[in-house]
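The values are calculated or read from the model by the stated rules, or taken from the named source; none is laboratory data. None of these values were measured; they are calculated from a predicted model. When we count neighbours, we look across all protein chains shown, and the Cβ atoms used for this are built from the backbone with ideal geometry, even at glycine. Areas reflect the complete protein model, heavy atoms only, side chains present, ligands, DNA and RNA absent. Shrake-Rupley method; radii C 1.70, N 1.55, O 1.52, S 1.80 Å.
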Amino acid sequence: MTGPDRLRDGGLIDRTKPVTFTWNGRVLGGYEGDTLASALLANGVHLVARSFKYRRPRGILGHGTEEPNAMVQTGDGNRTEPNPKATVVPLVEGLRAKSVNTAKGGPESDPRAGMGMLSRFMPAGFYYKMFHGSQTMWQRVWEPIIRQAAGWGTCPTEPDPDTYDHMNLHCDVLVVGGGPAGIAAAREAAKSGARVVLADEQERFGGRLLDRPRNLDGLPGHGWADREVAALAEEAEVTLLPRTTVFGYYDHNLLCALERRTDHLAEAPSHVTRQRLWHIRARRVVLATGAHERPLVFADNDRPGIMLASAVAAYVHRWAVLPGREAVVFTNNDGAWEAAHLLKKAGAPAVTIIDSRPKVSDALKRDAEQAGITVKTGHAVTGTRGGKRVTAALVQPVNADGTRVNGPAQTLACDLIATSGGWSPVVHLFSQSRGTLTYDDTWACFRPGVAVQPQASVGACNGTFGLAETLAEAAEAGVEAARAAGFETAAPAPAPSVEAPEATPPVPLWLVPADTAPGRGGKWFVDFQNDTTAADILLAVREGFESVEHVKRYTLAGFGTDQGKTANINALAILAGTLGRPIPEVGTTTFRAPYTPVTFGAMAGRNLGDRLEPQRLTNIHDRHVALRAAFEDVGQWKRPWYYPKAGEDMHAAVARECKATRDSVGVLDASTLGKIDIQGPDAAEFLNRVYTNAWTKLAVGRVRYGIMCGEDGMVFDDGTTARIDENRYLMTTTTGGAAHVMDHLEEYLQTEWPDLRVRLTSVTEQWATVAVAGPKALEVVKRVCPDDAMAPADFPFLSWKTATAAGIPARIFRISFTGELQYEINVPWHHGADLWDAVMEAGKDFDITPYGTETMHVLRAEKGFIITGQETDGTQTPFDLGMDWIVSKKKPDFIGRRSLFRPDMQRPDRKQLVGLKPEDPKVVLPEGTQIVEPGALNRPPPVPMLGFVTSSYHSPALESGFALALIAGGRDRLGETVEAALPSGPVTVRLHDPVFYDAEGARRDG
Amino acid sequence: MHIIQCPYCGPREEVEFTYGGQAHIARPENPEALDDAQWADVLFMRDNPKGIFAERWMHAAGCRRWFNALRHTVSHQILATYRMGEAPPAPDTLEEASR
């Protein structure tokens, strides 16, 4: 199967390898070497899409990444891919592709085709205007229409089955773009022995040498490219990256690239990852990214069969496709005339060149006429006819500067219009690297001006359009890049002999006139993908927009998956013309990465699922697993949340664990708490400065609770610190806050108090900790440490001692986060599980019960103990938490003091920590519930908020729900009732002291 | 993404570092001596120059030491790094950004 529009011979396709593919359910044929677009055109398929807003029929405009129209959906199921451009989808056996943005039945029949009729009501800024207009119209009319119409492709709903890699590479010279310029630069740079990387987005190197007939050294362009690239492949230090799009240019010559490794294969080997995201750090960069042709902006310039002249040339020459038989080439420059010659040579019976310039060179004209091509200079295509394919061009004489039509229109039947408005250098990467652009009046384009990073632009992306000039410039740049990277270089080799037409500049024609102005009659499309017309830009100017960035956002020109590659320069030139300002003064919009879309899979790489973040496990983890604990993530730690027994839900398990700990004995793995070893002669002074309370008098062997504030006086972390020795302390932090506390302390030591003789070491993972809590804790600990005095009388609360626990050297701390008699036994990390086993064995007679973080939370909340990050959110002072006692009034300075003693911090109406008890004991308020005055919900909004719930649980000991909350002026209102605003209605709760259980503290000594 | 010259370890990728805001703001010797407005200044007010900016960085995934850097806020180039307690290098010794 060749397709009706496939030429009998020629092209860079492999005719020995036919390929079958499916398009919108139709089975079609092509060849290896085709893109989806070239294969569709070979089969006579021009209509491939409907436009985004007006549902107009659209065809293939370009032949590469610049394509705005021909977005498709490929593949099925979890490998379906939304919105690749048909022009860059490699044709592989069995490819299944369909149109996006069309209703059932494909682009041929679209029930919403009538949207074009509504276009009068959908001008530029449509969304903004509707949002500000009638709410009813928006909700009832516009939003349903837009919801139905919006969106291009469809995302897969299943996880991606493919694997993606991240690669890192350092090189001396990175050459971006494997056309003639890139190949020449890479060849010269490689001669020096430098590590050279040559990346190109296509499967085959050669760039535009593949698209047009050119001869170098007597070889056809693709043959020369093959020869040179083969020579590069021989070099030991050269890396070739085909199918690799360099999409981002960041600081210090870091460039990111996406390599597609399997999309061009019918069957992907299972050991090859689908894509790679490359991070390439290069000493020097050579940009050889080429240029994109611009379409001319004339009335109804969007019908299927209207294409870029360069694309037409490429389809004929590279893919042996005849995209039309009655062709019109509409141009303002010499270069597009080549497309007319190629069409004619390929057998198109009627080819007409419409050139807007009043005069062209005699040679150009003579060659065309000799080839049998009709030529009309000083004319323009001012309109088109057709539906699913263009059927005619309206041709009219125009004045010399292209601003007015000069005579009546003639209708010229045609099935193809090839259009060229000149070329725009691909300055995207240069601009991302923060280089400034300069406007080239001669070539009517922006090209690189002043570079910021060590790089060079060569060839068309530098505004150098001639092939011979490009090769010379690129070879020089290759040598210079290697030299600047520190390699010995010689002068470039003699340039190849070149047979190519001379490059000549266009005569700008930004907006093609017609009998009517844009906005009446036809539509002058500027951005095909977003359906932005010249009339939209004119309207934006009339409505007061002047900045190119604002006009972009108002008209949508330059958004979308093509990022306006064919639209941006036309849009800003039309804007400049309307504003009556020079183009460089209006400037371009910002070029941002990525140059072309990058898959989320490539960005994620292998950092998925279990590999997203490290998991930290305690030495006792296996024991928790064996006990069938449910785990929760606390920072990176996996902590036992609760230990359900058969048939228990979380509520039942937690109730059992709470009761066991209050009545007998419970055991908790507390190894995850942050631990910082603080040593040095000034350690006490240091603690004095970072904690709010006094530390200088803490005796060796004693432990103290402390709160740390930021300089703003807000609570930052809390924990206990023990004095281990004269000049040594052990600080504990919250599990989640350990790293932040360490950073905070280090920052002050290094930057503010370098004179303090103090050193900090994180010892979190040096000590495993088992907390034994409850009235029977002493009995258990006595059995674990038979040789040491453990009774509270010998071992008072808030002290620590060394001991031997289960034969292991241990530090034991008398601290309690439950309110019960509690011992925290610390042993070297790798003995943690041994200690746990010994404690469990020793506790057997007392039915020792492991408890998780949920029970720990309930028990500590019953005692009114805060958890920083739960009761605090960075806006609570120690006073707000009812801990005035912990703020030293005597210390002249500590972190946070200056802020804490501002009068505003003492305001009585600040939110203060209180307890809440629902009138109905069965109620457990959701955390975050807002608290209001009684009856407030019956009054019209806004309802003033008194505060909110920070912790809330059911308490087995209280046989009731209870909560901690931050309530404005709450401490003076204990005993009063307020209301909790639940979605189901208000619930009456009573303000309570935050300590609900054992207020006298009788239980902590057993 | 910068390559940052750690004064202790040498050139390293930016991902290894954390940022610490404006440099050379010493914590006042005696905060109590400041009135509220002055204290607010110390806590919250920072320069935002167009040009060379002295700022603090910390080599978090390396030596974990704080140091200072001079960065040009227009070109985004880091022009020099130096240790805590050292004076910033004189402007005329810097390899100036190309703009």
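For the range A:28-86, the alpha-carbon coordinates run over 35, 30, 21 Å along the three principal axes, in decreasing order.
Length gained on full extension, A:Asp362 to A:His132, computed as 0.36 nm times the residue gap minus the Cα-Cα distance: 77.0 nm.
Estimated purely from DSSP H runs of n ≥ 4, each contributing -39500 (n - 2.57), the mean residue ellipticity at 222 nm for chain A is -6000 deg cm²/dmol once divided by its residues. Compactness check for the range A:516-581: Cα Rg over 2.2 N^0.38 Å is 1.00. For the range A:688-715, a decrease in accessible area of 40 Å² or greater in the assembled protein chains relative to the isolated chain, with a 1.4 Å probe, applies to A:Glu711.
In the protein assembly as shown, what percentage of the DSSP-assigned beta bridges are antiparallel, given to the nearest 5? Taking every DSSP beta bridge with both residues in the protein assembly as shown, the antiparallel ones total about 75 percent.
Counted by Cβ distance under 9 Å from A:Pro850, the other residues give a net charge of -1, where Lys and Arg count +1 and Asp and Glu count -1. Our compactness index for the range A:674-762, the C-alpha radius of gyration over the empirical 2.2 N^0.38 Å, is 0.97. For chain B, the relative contact order is 24 percent, taking Cα pairs closer than 8 Å that sit 6 or more residues apart in sequence and dividing their mean separation by the residue count.
Quick one: if you stick a label point 7 Å off each Cα along the C-beta vector at A:Thr599 and A:Thr438, how many nm between them? Going by the 7 Å Cα→Cβ label model, 4.2 nm.
Averaged per residue, the range A:295-421 has 32 square angstrom of accessible surface, using a 1.4 angstrom probe with ligands and nucleic acids left out. Per the accessible-area calculation with a 1.4 Å probe, the total area buried between chain B and chain A rounds to 2400 Å².
Eigenvalues of the alpha-carbon gyration tensor of chain A, scaled by 5 and square-rooted, set the equivalent ellipsoid semi-axes at 72, 34, 27 angstrom, largest first. Accessible surface calculations at 1.4 Å, restricted to protein heavy atoms, place the range A:601-695 at 45 Å² per residue.
Per atom type, the protein assembly as shown shows carbon and sulfur on 52% of its accessible surface, probed at 1.4 Å.
Phi angles across the range B:84-92 convert, under the Karplus curve 6.51 cos²θ - 1.76 cosθ + 1.60 with θ = phi - 60°, into 3J(HN,Hα) values of 4, x, 8, 7, x, x, 5, x, 6 Hz, Gly and Pro given as x. Partners of B:Lys50 within straight-line reach, counting aspartates and glutamates whose Cα lies under 15 Å from its Cα and excluding those fewer than 8 residues away in the same chain: B:Glu96. Convex hull volume per residue, computed on the Cα atoms of the range A:906-1006, equals 108 Å³. Length gained on full extension, A:Thr696 to A:Leu579, computed as 0.36 nm times the residue gap minus the Cα-Cα distance: 34.8 nm. The GluC sites (Glu not before Pro) of chain B that DSSP puts in a loop, and whose beta carbon has at most 14 other beta carbons within 10 Å, are B:Glu29, B:Glu86, B:Glu95, B:Glu96. Note on A:Val625 and A:Val763: with the Förster distance fixed at 35 Å, the Cβ-Cβ geometry gives a FRET efficiency of about 0.90.
Here r is the Cβ-Cβ distance between A:Glu234 and B:His76 and R0 is 51 Å; the resulting FRET efficiency, rounded to 0.05, is 0.85.
For A:Thr532, the residues 5 or more places off, or on other chains, whose built amide H falls under 5 Å of its own are A:Val526, A:Asp527.
Among the protein heavy atoms, those of A:Asp263 account for about 50 Å² of accessible surface (1.4 Å probe, every chain in place).
Percent relative contact order of the range A:295-421, based on C-alpha pairs within less than 8 angstrom and at least six residues apart? Relative contact order of the range A:295-421: 32 percent. Site pair A:Glu632 and A:Asp845 shows an inter-label distance of 3.5 nm when each label is modelled 7 Å from Cα along Cα→Cβ. Between B:Ala33, B:Ala54, B:Ala23, the GNM of chain B built on Cα springs shorter than 10 angstrom shows B:Ala33 fluctuating the most. If you take all other residues with their beta carbon under 14 Å from the beta carbon of A:Asp172, and give Lys and Arg +1 and Asp and Glu -1, the sum is +1. A Förster radius of 51 Å combined with the Cβ-Cβ distance from A:Lys388 to A:Val272 puts the calculated FRET efficiency at roughly 0.80.
Partners of A:Lys98 within straight-line reach, counting lysines whose Cα lies under 26 Å from its Cα and excluding those fewer than 8 residues away in the same chain: A:Lys17, A:Lys53, A:Lys85, A:Lys388, A:Lys565. Our summary gives the range A:906-1006 a relative contact order of 36 percent, counting only alpha carbon pairs under 8 angstrom and 6 or more residues apart. Here's the picture: charge each Lys and Arg Cβ at +1 and each Asp and Glu Cβ at -1 in the range A:743-807, and of A:Gly774, A:Leu749, A:Thr764 the one pushed furthest to the positive end of that dipole is A:Gly774. Computed with a 1.4 Å probe over protein heavy atoms only, the accessible surface of the range A:516-581 comes to 33 Å² per residue.
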